[in-house]
Amino acid sequence: AQSVAQPEDQVNVAEGNPLTVKCTYSVSGNPYLFWYVQYPNRGLQFLLKYITGDNLVKGSYGFEAEFNKSQTSFHLKKPSALVSDSALYFCAVRDLWAGNNRKLIWGLGTSLAVNP
Amino acid sequence: DVKVTQSSRYLVKRTGEKVFLECVQDMDHENMFWYRQDPGLGLRLIYFSYDVKMKEKGDIPEGYSVSREKKERFSLILESASTNQTSMYLCASSPERQRNQPQHFGDGTRLSIL
């Protein structure tokens with residue numbers, strides 16, 4: 001079955017330290033992978049995506065993510081966290097081989113808290 | 001920039017009322033989606049539409065219906081609102097002809113059913 005796992009409900013990091021938000025997935029084919037961020041009482045904002053090519057992709061606000069096919073992971077990273085990065089982060093996958101492939105499969109989200 | 005507009009940010013309704021949530025996108029996207037978001041449960045897909053007058057059930061369609069009479073507009077209808085439908089509702093759209101493009105979200109409607 002298709003699934004996306006974000007193993008940590010919450011991640012705490014000190015401002016200035018590197019941060020990682022983890023995502024692993026299980027799909028039948030080659031996936032399109034996405035990260036989104038949600039600030040309180042707002043909709044989701046797209047951060048970055050992996051489609052093909054270089055395994056390290058860069059996105060908005062200094063975030064990047066590394067696609068690892070063998071580990072079926074797509075972890076979100078930032079070299080130096082800011083307090084303003086505190087938000088809810090969602091990983092999502094589009095499985096083009098699925099019977100209905102217009103949908104995204106979503107992780108449950110990880111709450112990131114950056115402490116000053 | 002893609003803009004997805006949801007008609008209300010906050011809405012309070014009573015049990016048994018028929019409730020309409022409206023969503024409009026301005027980028028000629030084929031796909032439109034309605035999600036609800038509850039703490040600890042992530043985003044759950046209610047319905048989506050891939051063309052005018054076309055719809056498909058998502059993971060939790062019970063108690064909801066949808067309407068897509070025009071390409072840019074996708075409405076979610078709560079036929080008879082119940083307290084367990086109190087939630088944050090998110091609308092999104094995406095282009096089908098460019099499958100590598102992300103879904104774009106509105107700001108959400110926080111719906112309270114009393």
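Which sequence of A:Trp106, B:Trp34 reflects their accessible areas, 1.4 Å probe, from the largest down?
Ranked from most to least accessible, the order is A:Trp106, B:Trp34.
Run down the aspartates and glutamates and flag those whose C-alpha is under 18 Å from the C-alpha of B:Lys18, throwing out any fewer than 8 positions away in its chain.
Cα-Cα hits under 18 Å: B:Glu62, B:Glu79.
Within segment B:21-114, report the GluC sites (Glu not before Pro) that DSSP leaves as loop and that have at most 14 other Cβ atoms within 10 Å.
Of the GluC sites (Glu not before Pro), the ones in loops of segment B:21-114 whose Cβ has at most 14 other Cβ atoms within 10 Å are B:Glu62, B:Glu79, B:Glu96.
So how far, in whole Å, is the C-alpha centre of segment B:52-93 from the one of segment A:18-56?
Here the two parts' Cα centres lie 25 Å apart.
Roughly how much of B:Arg99 is accessible, in Å² to the nearest 10, using a 1.4 Å probe?
Surface open to solvent at B:Arg99 totals about 90 Å².
Return the Cα extents of segment B:4-113 along principal axes one, two and three, sorted largest first, each rounded to a whole Å.
Taking max minus min along each principal axis of the Cα atoms, segment B:4-113 gives 40, 30, 23 Å.
For A:Thr20, A:Thr110, B:Thr15, give the ranking by accessible area with the largest first, probe 1.4 Å.
Reading off the accessible areas and sorting them downward yields B:Thr15, A:Thr20, A:Thr110.
Which percent of Cα pairs goes in each bin when the distances of the protein assembly as shown are cut into 10 angstrom slices starting at zero?
8, 33, 35, 19, 5, 0
Please list B:Asp28, B:Asp1, A:Asp9 from largest to smallest accessible area, probe radius 1.4 Å, with all protein chains kept in place.
Greatest to least solvent exposure: B:Asp1, A:Asp9, B:Asp28.
How many percent of the accessible area of chain A is carbon or sulfur, using a 1.4 Å probe?
Heavy-atom surface of chain A belonging to carbon and sulfur, 1.4 Å probe: 49 percent.
Averaged per residue, what accessible area in Å² does segment A:1-83 show with a 1.4 Å probe, protein chains only?
In whole numbers, segment A:1-83 has 51 Å² accessible per residue.
Tell me the total accessible area that A and B bury against each other, 1.4 angstrom probe, in square angstrom rounded to 100.
2100
Starting at the first residue of segment B:66-71, write each ³J(HN,Hα) from the Karplus equation 6.51 cos²θ - 1.76 cosθ + 1.60 with θ = phi - 60°, in whole Hz, x for Gly and Pro.
Taking θ as phi minus 60°, the curve returns 9, 9, 9, 8, 10, 4 Hz for segment B:66-71.
Which of B:Ile46, B:Ile60, B:Ile77 moves most in a GNM of chain B, Cα contacts under 10 Å?
Result for chain B, Cα springs under 10 Å: B:Ile60 fluctuates most.
The values are calculated or read from the model by the stated rules, or taken from the named source; none is laboratory data. Since the model is a prediction, treat every value here as computed from it, not as a measurement. Reconstructed Cβ throughout: ideal geometry from the backbone, glycine too, with neighbour counts over all protein chains shown. The accessibility values were calculated without ligands, DNA or RNA, using every heavy atom of the protein model including side chains. Shrake-Rupley method; radii C 1.70, N 1.55, O 1.52, S 1.80 Å.
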